[in-house]
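Since the structure comes first, as structure tokens, the remarks are kept for the end.
Just so you know, all these numbers are worked out from the coordinates, no wet-lab data involved. As the structure is a prediction and not an experimental result, all values here were calculated from the model. Heads up, the Cβs are rebuilt from the backbone with ideal geometry, glycines too, and the neighbour counts pull from every protein chain shown.
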Amino acid sequence: MHFFVSAGIAGTASTITDNFAAGFAAGLVPGIAKEMWDDNHGSRFDHEDLLADIAGCLVGAAIGKNLHIALYREKVNIVMTLTVP
């Protein structure tokens, strides 16, 4: 669960911002916050969950960055097709 949520957040942020680091950070902050919340509310800080968050952020941010590139390239091709007779 941690992997997929972090990957989704990181991928979305990376696609929107065209920035791997921004996507990675956006995906990691909620994971760290959740583990801190767990630690303060009767559960424990789970390092394995945090590793899953990190892995998800890496995968999601990489996919998001590549998706942004692909979407931008397609957008440029569409614009050039419409403007060049």
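I'd like the orientation of helix 20-40 relative to the chain: the angle between its Cα long axis and the longest Cα principal axis, in ° from 0 to 90, rounded to 10. So the helix axis and the longest Cα principal axis differ by about 20 degrees. Angle of helix 2-17 to the longest C-alpha principal axis of the chain, folded into 0 to 90 degrees and rounded to 10: 40°.
Using Cβ point charges alone (K and R +1, D and E -1), the dipole size of the stretch 2-83 about the Cα centre works out to roughly 480 debye. Taking a ≥ b ≥ c as the square roots of the eigenvalues of the Cα gyration tensor, the chain is classed as prolate, since a/c reaches at least 1.5 and a/b is larger than b/c. Of the peptides 58-71, 27-40, the ranking by mean beta-carbon count within 10 Å, highest at the top, reads 58-71, 27-40. Which one, Ala33, Tyr72, Thr17, projects farthest toward the positive side of the charge dipole computed for the stretch 2-83 from Cβ point charges (K/R +1, D/E -1)? Checking the options against the dipole of the stretch 2-83, the answer is Tyr72.
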